[in-house]
Amino acid sequence: MSSAKDFSKTNAFLIDMTRCTGCRGCQVACKQWNELEAEKTEFFTGEGYQNPPAMSEYTFTRIKFRDYEKNGQNEFAFYKEMCMHCNDPACASVCPVGAFEKTTEGPVIYKADRCIGCRFCMIACPFGVPKYEWSKALPLVKKCTGCYSRIKEGFQPACATTCATAITYGPRNKMITEAERRIAARPDRYLSKIYGKDEAGGTGVLYLTALPFNELGFKPVTMRALPSFTWQALRLVPGIFLTVGGGLSAISWINHRKDRLRAEKAQQAEATEPGKEEQQ
Amino acid sequence: MTAAKFVISEIKSYHRFVQALIALVVVGVIASMARFALGLGVTTNLNDTFPWGLWISFDVVTAVPLAAGAFTLGAIVHVFHIKKLEPLVRPAIVTGFLGYSLVTIGLVLDLGQPHKGWHVLRYWNVHSPMFEVSMCVMAYTTVLFLEFLSPVAERFGWHIPLRLLRWIEMPLVIAAAAISTLHQSSLGTFFLIAVDKLHNLWYNPLLPLLFWISAIAAGLSIIILEATASHKWMGQPNESELLETLCKILPWVLGVYISVKAFSLFALAEGPFFDHPKLLASFLVEVGIGVLLPFLMLLSPKVRTTGRLQVIAAGLVVFGLVLNRFNVSMFGMMLGDEIYLPSIIESLVTVGIIAAHILFFVLVAKYFPIFEHHPETVDYSIPDHFHKIDGASHTKAEAKTAAGGKAIPESH
């Protein structure tokens, strides 16, 4: 939608997973700020140590655990799941009522008062972020707000404020520079790639990790902004409408004219009274 | 009370089958009330992994192309002037109107915030295929309603509206074709956003074009099935000669579809194609039995002229379309281990919607002149400037000359 825009100044998260200790303070802070209900869970009902087993209408962010062996020792690696606040969000492009908006500050926000509940955003999001209030009769979509209410007041997002080690928040170009600096300074510590720099056309959350992204649970996504996939077809809509409408009008005019001439000829031949005006 | 008694005695006089349909519709209505009382989460098997289920896959994505016969036939008859097919137009319009009305109901049931559905008209987002389809469905349902008004006006003898409707007939036919082209294809655009979610066997940039062409084929096939069924069971005139003409058009449409599908698969889609054996099987059934087989069948003149074989070929085309839409909107998206199966309530609602369609079609055909409409008696291509129709004998004679002059065009 806004592919031409410059996103270097919009705010972005830089999340350095190598610095994450898995304390899940971000999960707690997120629940507190957004006033989200707790979920009753049990350990090891999901894939591993992570809890709750998935993001939901009550859980906007979550730390995923992955245990692996390093130098014969068991180690943990982490991945913070949350809304990626894409530069050109798929959810915003597919929503028929424009209930999603990429704000100039950075967060992709959801306007509940507009939402009609078609759930196209959930189909479109390549990261599986928007969740639905399945428990309600008239449900709405729920997702990470990017703490837009805090950003507007000059604060940082709740998770970034709480996190003692891993999350940095600021203008996207600065976050990229910082990420590149860290990779260059400790090439042994980092995988030399910033996840989110180009993924889905560039996102508002940038990750640094030690382990390959797919092993941590990052979704493999296209590097193209998703709205461009539908727009390449939708942009043809006015042209097709005019072509089909105009083409059929022309064909029917020609055919009617042919018929009229033929009818007139027949009438003249029979020398009957031409009692009708014809049209089209 | 007398009105109620009349309705009850009418219903008692219906055939068992029709009574069964009424029962299914009632069950469907109760099931959809349960959806509003208890919520989507409780009554459906939808969840965050499968936010769209049976209601979107069948009631919207499949039902819309199945109702495509109205615009296709309208264009064939009125634009390309194959006038002899006109007796099939009205049943097709009734099917279309019922189909789209029920699509709207299905969509409203599926919406989480149905009371805000009208927001589509207020907050435009032209980048959304859903916006495009919603606008088109609204516009097209209106067009179909106006077209459907013709038999109603005839039934009640409303002459002024009838003349007005006849005057706007051509603009309506052309609007119907243009609007349908847009939303039939845009239903395919829906799934272009599902990059990395929809399997490569179906994901390709020509999906909208494929959706449009297959909708035309399915719309024509539904007309064949419907005309045959209403001849067999409703005592309507035998139109098999006209269906032969449709059977000549159908292989052309299928041929174009096969070429575009082959091109999109071999030239545009990206592999791997063979990583999900079940999806591959579903794809092969869809293309083999639902497209190639009826195409080959319809190449033979024997199939095109034999009523039973016509029905089998048309049935296969419809089967292929239904499977295609389910493959794209449901099966092809199940790439993980999780599986979605519709709940009982979801199924009852969808069965109720299908039953409602058949029921209303039967009732409309019972009470309104949709099959008796034969243009030989009235010349519809000529607007009647407020003084022709009533002088019946005069008009009839004149219309006959005009029809004779037209010399019933040869089908191509």
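Couple of notes before you dig in:
- Test for residue A:204: is it of a type outside the set (Val, Ile, Thr) and surrounded by fewer than 17 Cβ atoms within 10 Å (Cβ to Cβ): no
- Residues of segment B:19-44 that are crowded, with 17+ Cβ neighbours inside 10 Å and either more than 9 Å from every other protein chain (Cβ to nearest Cβ) or hydrophobic (A, V, I, L, M, F, W, C) (or both): B:21, B:24, B:25, B:28, B:31, B:32, B:40, B:43.
So that you can scan it fast, the table gives a plain yes or no per residue for (1) touching a Cys at 6+ places or on another chain (Cβ under 7 Å); (2) over 23 Å from residue A:256 (Cβ atoms); (3) in contact (Cβ under 8 Å) with a residue 40 or more places away in the chain:
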| residue | (1), (2), (3) |
| --- | --- |
| B:140 | no, yes, yes |
| B:143 | no, no, no |
| B:160 | no, yes, no |
| B:163 | no, no, yes |
| B:178 | no, no, no |
| B:183 | yes, yes, yes |
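- Filter result (at pLDDT below 90 and of a type in the set (A, V, I, L, M, F, W, C)) within segment B:287-333: B:303
- The set of residues in segment A:217-246 being at the interface with chain B (Cβ under 7 Å from one of its Cβ atoms), touching a Gly at 6+ places or on another chain (Cβ under 9 Å) and either touching a residue at least 40 places away in the same chain (Cβ under 8 Å) or under 30 Å from residue A:78 (Cα atoms) (or both) consists of A:222, A:226, A:227.
- Among the residues making up segment B:338-354, a single one is among the charged types (D, E, K, R) and under 15 Å from residue B:41 (Cβ atoms): B:346.
- Count of residues meeting criterion [within 26 Å of residue A:168 (Cβ to Cβ) and either exposed (fewer than 13 other Cβ atoms within 10 Å of the Cβ) or within 22 Å of the chain's Cα centre (by Cα) (or both)] in segment A:13-51: 13
- Residue A:208 aliphatic (A, V, I, L, M) and away from chain B (no Cβ under 14 Å): yes
- Where strands (runs of 3 or more DSSP E) fall entirely within segment A:1-87, those with at least 2 residues that are farther than 25 Å from residue A:202 by Cβ, at pLDDT below 95 and in contact with a Phe, Trp or Tyr (Cβ under 7 Å, 6 or more places away or on another chain) are at A:62-70, A:73-81.
- First in segment A:248-262 and facing another protein chain (nearest Cβ under 9 Å) and β-branched (Val, Ile, Thr), second anywhere and outside any helix (DSSP H, G or I) and surrounded by 13 or more Cβ atoms within 10 Å (Cβ to Cβ), Cβ under 7 Å, 6 or more apart: A:251/B:80
- Qualifying residue in segment B:224-247 (condition: at pLDDT 95 or above, surrounded by 14 or more Cβ atoms within 10 Å (Cβ to Cβ) and under 19 Å from the mean Cα position of the chain (by Cα)): no
- Neighbours by Cβ (under 6 Å, 6+ apart or cross-chain): first from segment B:206-230, of a type in the set (S, T, N, Q); second outside any helix (DSSP H, G or I): B:230/B:236
- Residue match in segment B:193-203 (condition: touching a helix residue (DSSP H, G or I) at 6+ places or on another chain (Cβ under 7 Å), over 19 Å from residue B:318 (Cβ atoms), in a helix (DSSP H, G or I) and touching a residue at least 24 places away in the same chain (Cβ under 8 Å)): yes
- The helices (runs of 4 or more DSSP H) found entirely in segment B:1-92 that carry 2 or more residues being within 22 Å of residue B:108 (Cβ to Cβ) and among the β-branched types (Val, Ile, Thr) are B:16-38, B:40-43.
The values are calculated or read from the model by the stated rules, or taken from the named source; none is laboratory data. Please read these numbers as outputs of a predicted model, since none were measured by experiment. Neighbour counts run over all protein chains shown; Cβ positions are idealised from the backbone, glycine included.
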